[in-house]
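Read the structure below first, then the notes.
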Amino acid sequence: MPTSPAVVIIPAYNEEPGISRVIADIPRDLISEIIVVDNGSTDRTAAKARKGGARVISQPDRGYGAACLAGIAALPPGTEVVLFLDGDYSDDPAQAKDLLRALEEHRADLVLGSRTRGCPQPGSLTPQQRFGNWLSTAIIRLIYGHAYSDLGPFRAIRREALSRLDMQDRTYGWTVEMQVKALQQELKVVEIPVSYRPRLGRSKVSGTLSGTVKAGCKILWTIARLSLRHPFAIPETKEKDKGKRVIHEGPRRTTKGH
Ligand SMILES: Nc1nc2c(ncn2[C@@H]2O[C@H](COP(=O)(O)OP(=O)(O)O)[C@@H](O)[C@H]2O)c(=O)[nH]1
Ligand SMILES: [Mg+2]
């Protein structure tokens, strides 16, 4: 178990239907603070998050990455571990425990919740999401030789590693930017299977045609841009750590529903 509690960052845009349940299901014994980044919601997301006990900060500039960056800027001093979780109740917040446990057990820098290695409920991952994941991870594998199984949003990262990644993307490229930069910097990355269920409320990305096209293009462009800049791993890594970068735990099948 982690020696220092983690801070959770939840980017949220109009997540009134699910935000209270997301917050309520986060295991508090391991979490020191929950930050909900209200990304210009027009519903009662912020009020519900506050009522649930989260600190709500406002990021009026729309965009998934912009919301995550605002959350990072608001981290309390001394934060050692940051956990990212969406506000739509697709992920099971109780599995934050598994992510944090894996971070400690493997002495990892980054632990990714993999939906494809878990047991996604029917309808939770759209065919276009699965295809996009497959294509993106195949390209990353070709370039870097490492096989990610997903670009899911549920993840835990050490604060120090997060600072080193110098995250920039303000929209849909956020998750893939983190994963590509983690390989470039030879961070120790672990994937664990997580459950996934149909979201509460209305999808803004994968459930819409324009969201899917924009996200797909942005993800592929992000991989290309980052890889052209640093086609191989940045060569500062200690020799002894090479080859230990990506570990797949599991499979641990989880099927908990709403
Ligand atoms: N699409 C989108 N999502 C945002 C934004 N700001 C915050 N989010 C949050 O990002 C998460 C992912 O969005 P979602 O619609 O669930 O995407 P999907 O899972 O691909 O359908 C949710 O928690 C959103 O509330 C934004 O500007 N655009
Ligand atoms: Mg979602």
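The values are calculated or read from the model by the stated rules, or taken from the named source; none is laboratory data. On a predicted model such as this, the values are computed, not experimentally measured, just so you know. Please note: Cβ atoms are built from the backbone with ideal geometry, for glycine as well, and neighbour counts cover all protein chains shown.
A few comments on the model shown:
- Selection of the range 26-39 for residues being surrounded by 16 or more Cβ atoms within 10 Å (Cβ to Cβ) and either of a type outside the set (D, E, K, R) or touching a residue at least 40 places away in the same chain (Cβ under 8 Å) (or both) yields ILE26, LEU30, ILE31, GLU33, ILE34, ILE35, VAL36, VAL37, ASN39.
- Restricted to the range 1-61, the set of strands (runs of 3 or more DSSP E) holding at least 1 residues that are within 16 Å of ligand 2 (Cβ to nearest atom) and either closer than 21 Å to ARG199 by Cβ or under 16 Å from the mean Cα position of the chain (by Cα) (or both) comprises 6-12, 31-38.
- Listed by first and then second residue, the pairs linking a residue in the range 199-216 that is farther than 15 Å from ARG130 by Cβ to a residue that is among the aliphatic types (A, V, I, L, M) and within 6 Å of ligand 1 (Cβ to nearest atom), with Cβ atoms under 6 Å apart and 6 or more places separating them unless they lie on different chains, are GLY211/VAL205.
- Residues satisfying the stated conditions in the range 78-88, i.e. surrounded by fewer than 23 Cβ atoms within 10 Å (Cβ to Cβ) and either within 15 Å of ligand 2 (Cβ to nearest atom) or modelled with pLDDT of 95 or more (or both): THR79, GLU80, VAL82, ASP86
- Number of the exception - LYS97 against (1) touching a residue at least 60 places away in the same chain (Cβ under 8 Å); (2) within 16 Å of ligand 2 (Cβ to nearest atom); (3) surrounded by fewer than 24 Cβ atoms within 10 Å (Cβ to Cβ); (4) not aromatic (Phe, Trp, Tyr): (2)
- Of the helices (runs of 4 or more DSSP H) lying entirely inside the range 120-186, those containing at least 2 residues that are modelled with pLDDT of 95 or more and of a type in the set (D, E, K, R) are 159-165, 174-184.
- The residues listed here are ALA96, ALA102; of these, the one that is in contact with a strand residue (DSSP E or B) (Cβ under 7 Å, 6 or more places away or on another chain) and more than 26 Å from ARG50 (Cα to Cα) is ALA102.
- Some residue of the range 122-130 being hydrophobic (A, V, I, L, M, F, W, C), buried (at least 16 other Cβ atoms within 10 Å of the Cβ) and closer than 21 Å to ARG225 by Cα: no
- Exactly one residue out of ILE192, ILE223 is assigned to a strand (DSSP E or B), among the aliphatic types (A, V, I, L, M), at negative phi and away from ligand 1 (no atom under 14 Å from the Cβ): that is ILE192.
- Residue count for the range 185-214, restricted to those that are within 16 Å of ligand 2 (Cβ to nearest atom) and within 20 Å of GLY118 (Cα to Cα): 8
- When residues of the range 83-96 are limited to those that are in contact with a helix residue (DSSP H, G or I) (Cβ under 6 Å, 6 or more places away or on another chain) and farther than 14 Å from TYR196 by Cβ, the one farthest from ligand 1 (Cβ to nearest atom): LEU83
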